[in-house]
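Quick notes on the structure that follows.
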Amino acid sequence: MVALRSRLIVFLSAAFFVAPAFASHVRRAPTAGVSHHSSRHIRHARPHLRRSHRIHGQQAIEPERVTQIQQALIKAHYLTAAPSGDWDASTVAAMQKYQADNGWQTKLMPDSRALVKLGLGPDYSSAINAKNSTFAPPAPDSSIPAEQAAGFAAASGIDE
């Protein structure tokens, strides 16, 4: 009886461990009828069927906007030529100098911070929360009452 039991255990364990080794891989149809590897091979095999590379981001500046930027650079004393509406080498150099002087990057397209500082940023005067608002600079510190300034300092944890 013991011999029969031991043979049965050996047979079942062999069937349990050896059977998966002989199992075949079942190929299933791709999801939604699309093969994941066929399109990649087709593109490499036929370079003329490749998709064209899309260029992202702003590629050019409208002439009206270039004129506005040139006028602002002239007003800031970074450009001496008359505004032409062309994004030419002198305009690029002036904008790069302006951005470098302010510690910003000097890529070819103007930085948004530079445009805002030149006075060419977005106009929020018609925004919903802009009604009855003023866009004037804040009042100088000297116009704040001393008690109020002391309260601000105490609340912020700054010792005067």
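A few points about this structure:
- A81 paired with S143, simple spin-label distance in nm, labels 7 Å along Cα-to-beta-carbon: 4.3 nm
- In this structure, D88 and N129 have a Cβ-Cβ separation that, at R0 = 45 Å, corresponds to a calculated FRET efficiency of about 0.70.
- √(5λ) per eigenvalue of the Cα gyration tensor, segment 63-117, largest first, Å: 16, 11, 10
- Dipole of segment 63-117, positive direction: furthest Cα of T80, W104, A94, with charges on the beta-carbon: W104
- Gain on full extension, evaluated as 0.36 nm per residue between A136 and A150 minus their Cα-Cα distance, stands at 2.6 nm.
- Sorted peptide list for 2-15, 75-88, 92-105, criterion being average Cβ within 10 angstrom, highest first: 92-105, 75-88, 2-15
Computed from the coordinates by the stated procedures, all read-outs in this text should not be read as laboratory data. Please read all numbers here as calculations on a predicted model, not as lab measurements. Cβ sites come from the backbone with ideal geometry, for glycine too, and all protein chains shown count toward neighbours.
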